[in-house]
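S.K.: Here you go, one structure.
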Amino acid sequence: MAWSAAFSLLAAFLFAGAAALQYRAARRAVRGGLDATAAQGLIRRLVRDPVWLTGWAVNLAGFCSQAVALHFGSTAIVQPLLVTQLVFTILLGTVGTGRRPVRMDLLGGVAVSAGLAVLFTVPGAIPPEGEPSRPRLLLAGLIALPLVIVLSRAAWLRRGRVRAALLGVCSGLFFAATAVLIKLTTASLVDHGVAATAVDWPGYALAGSTLLGLILEQRAFAAGSLPVAMTAMTMTNPIASYLVAVLAFDTLPPRTVSAFVAVSVTALLLTAGVAMLSRSTAATRRHESTPEGSVP
């Protein structure tokens with residue numbers, strides 16, 4: 001589990017760095033606009049931006065680290081640790097500004113750390129890794145897809161922070177699917193080789209979920225505040241991944257009182273910590289104070 005935790009934290013750091021770069025590029029690409037017209041052609045403009053491309057490369061390194069973490073551990077271990085991505089986002093938001101994290105940021109970081117400590121130290125809180133059930137995975141996808149459609153449609157009827165949050169939830173759902181599909185694909189590569197993996201559907205579903213998640217993530221960044229978009233993604237991802245781990249990997253939810261209490265306390269601490277971090281001004285000032293034409 002140690003290797004899984006280490007690579008999970010590395011992935012969280014890389015994802016935070018990528019988000020910081022891609023957020024600034026996305027906001028510059030829409031020239032501060034928040035409506036659907038401003039978002040037209042967003043991806044085409046972003047792929048020509050060296051800052052965004054740097055963020056994409058960092059993001060790719062994050063996915064590789066996540067894949068290694070998932071090879072050594074289950075989604076129920078890896079995905080909760082990715083909540084630290086928001087902590088790293090706040091810390092990166094203070095780099096080069098001469099400002100220190102405010103008290104709210106520190107309290108949020110402590111709450112997130114305490115929640116993860118409870119989750120990982122109480123026996124039975126993390127469901128044991130089981131064999132994936134493909135029919136259940138397909139069922140989870142059929143449940144999630146209509147939800148993504150409704151939320152993404154609702155996002156275009158809103159503006160600013162609400163739009164960023166709704167699109168962040170959608171991208172978080174896709175990234176949760178990506179984590180599960182990474183697990184299936186890497187296991188197939190190790191156990192059956194490249195040829196067998198190439199004719200199996202999880203690899204292609206992985207490419208689709210990753211692409212759609214990245215597109216929705218960029219639109220969330222373009223819509224408004226980085227902390228709001230990151231909070232929505234950061235909370236949706238581990239919650240969805242935890243539910244899928246219980247539903248589709250033939251494992252059991254917490255069965256003892258202590259394990260159930262630990263999961264409940266973890267959920268409360270993570271929610272409180274992320275709520276405090278989402279109000280941070282450190283990241284917002286760092287990423288929104290740059291003039292539209294400047295390069296960080």
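S.K.: Can you compute the FRET efficiency between residue 117 and residue 279 using 1/(1 + (r/R0)^6), with r the Cβ-Cβ distance and R0 = 25 Å? Round to the nearest 0.05.
M.R.: 0.65
S.K.: Calculate, in nm to one decimal, what residue 261 and residue 43 gain on full extension: separation in residues at 0.36 nm each, minus their alpha carbon distance.
M.R.: Stretched fully, the residue 261-residue 43 segment lengthens by 74.1 nm.
S.K.: More than 14 Å apart: what percent of Cα pairs in the range 206-268 qualify?
M.R.: So the portion of pairs separated by more than 14 Å is 71 percent.
S.K.: Using a Förster distance of 25 Å, how high is the FRET efficiency between residue 134 and residue 189, based on the Cβ-Cβ distance and rounded to 0.05?
M.R.: 0.90
S.K.: Still on this structure, I have one more. Given points 7 Å out from each Cα along the Cα-Cβ axis, report the residue 272 to residue 102 separation in nanometres with one decimal.
M.R.: Between residue 272 and residue 102, the label points sit 2.0 nm apart.
S.K.: Applying a 10 Å radius around every beta-carbon, put 134-146, 151-163, 236-248, 103-115 in order of their mean neighbour count, most first.
M.R.: 236-248, 103-115, 151-163, 134-146
S.K.: Within a 10 angstrom radius of the beta carbon, how do 274, 148 rank from fewest other beta carbons to most?
M.R.: Least to most surrounded, the residues fall as 148, 274.
We did not get these values from a lab; they are worked out from the coordinates using the rules stated. Just so it is clear, the structure is predicted and the values come from calculations on it, not from any experiment. Heads up, the Cβs are rebuilt from the backbone with ideal geometry, glycines too, and the neighbour counts pull from every protein chain shown.
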